[in-house]
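Visitor: If you scroll down you'll find the structure; I have some questions about it.
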Amino acid sequence: MKRSETNKLNEIIESDLPNIKKLAQAFGWVTSRNIEHAEHEIELARAIGDQEAVLRGQIKMKTMKYDRSLFEDCYQRVTRRRAWDE
């Protein structure tokens with residue numbers, strides 16, 4: 001993780017929010033960054049014609065999106081609120 005990314009994560013963790021909200025924001029921020037990175041990898045793989053890398057990137061991205069939906073469901077059951085708005 002880049003220094004600026006670590007700083008952003010530290011800002012979330014050191015905020016005055018309740019721990020459950022910190023967890024949701026940190027998880028949401030990290031996974032959204034990873035999804036964005038996977039999208040860029042897919043674009044690059046498509047540009048160079050590497051279909052195997054495209055498939056790997058799509059699997060990675062869809063897995064992270066699924067993980068986010070699982071977290072969102074658990075968070076909502078526990079808090080009766082959404083973890084983040086999308």
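Readers should treat all values here as calculations from the given coordinates under stated rules, not as data from a laboratory. Every value quoted in this text rests on a predicted model; they were computed, and no experiment measured them. Note that each Cβ is placed from the backbone with ideal geometry, even for glycine, and that neighbours are counted across all protein chains shown.
Visitor: Relative to the present Cα-Cα distance, how much length would full extension add between residue 39 and residue 23 at 0.36 nm per residue of separation?
Guide: Here the segment from residue 39 to residue 23 would lengthen by 3.4 nm.
Visitor: To the nearest 10 degrees, how steeply does helix 51-79 sit against the main Cα axis of the chain, on a 0 to 90 scale?
Guide: Value to nearest ten degrees: 10.
Visitor: What angle, in degrees between 0 and 90 and rounded to the nearest 10, separates the Cα long axis of helix 3-13 from the longest principal axis of the Cα atoms of the chain?
Guide: 30
Visitor: Using only DSSP helix segments of four residues or longer, with each worth -39500 (n - 2.57), what per-residue ellipticity at 222 nm results for the chain after dividing by its residue count and rounding to 500?
Guide: Rounded to the nearest 500, it is -28500 deg cm²/dmol.
Visitor: Check cross-link reach from residue 62 to the aspartates and glutamates: straight Cα distance under 17 Å, and skip same-chain residues fewer than eight apart.
Guide: Hits, sequence-local ones excluded: 36, 39, 41, 43, 52, 72, 73, 86.
Visitor: Let me check against my output: what whole-number percent is the relative contact order of the chain, with C-alpha pairs under 8 Å and at least 6 apart?
Guide: 26
Visitor: Given a Förster distance of 30 angstrom, what is the FRET efficiency for residue 7 paired with residue 67, based on the Cβ-Cβ distance and rounded to 0.05?
Guide: 0.80
Visitor: Dividing the convex hull volume of the Cα atoms of region 1-51 by its residue count, what figure in Å³ per residue is obtained? Present the calculation step by step, with values, prior to reporting the outcome.
Guide: Working: hull volume 3.4 nm³, N = 51.
It comes to 66 Å³ per residue, whole-number rounded.
Visitor: Which semi-axes, in whole Å and largest first, does the equivalent ellipsoid of the chain have when worked out from the alpha carbon gyration tensor as the square roots of 5 times its eigenvalues?
Guide: Whole-Å semi-axes of the equivalent ellipsoid: 29, 17, 7.
Visitor: To continue, here is another question. So which GluC sites (Glu not before Pro) in region 1-60 pass both tests, a DSSP loop state and at most 13 other Cβ atoms within 10 Å of the Cβ?
Guide: Filter output for region 1-60: 14.
Visitor: Also, quick follow-up: At most 15 other C-beta atoms within 10 Å and a DSSP loop state: those are the exposed trypsin sites (Lys or Arg not before Pro) I care about. Give me the longest piece of the chain that has none.
Guide: 3-79
Visitor: Using +1 on the beta carbon of Lys and Arg, -1 on that of Asp and Glu, and nothing else charged, what's the dipole of region 1-75 about the Cα centre, debye to 20?
Guide: 60
Visitor: Right, here's the next one. State the extension gain, in nm to one decimal, for the chain segment bounded by residue 30 and residue 50, taking 0.36 nm per residue of separation less the distance between their alpha-carbons.
Guide: Net length gain for the segment: 4.6 nm.
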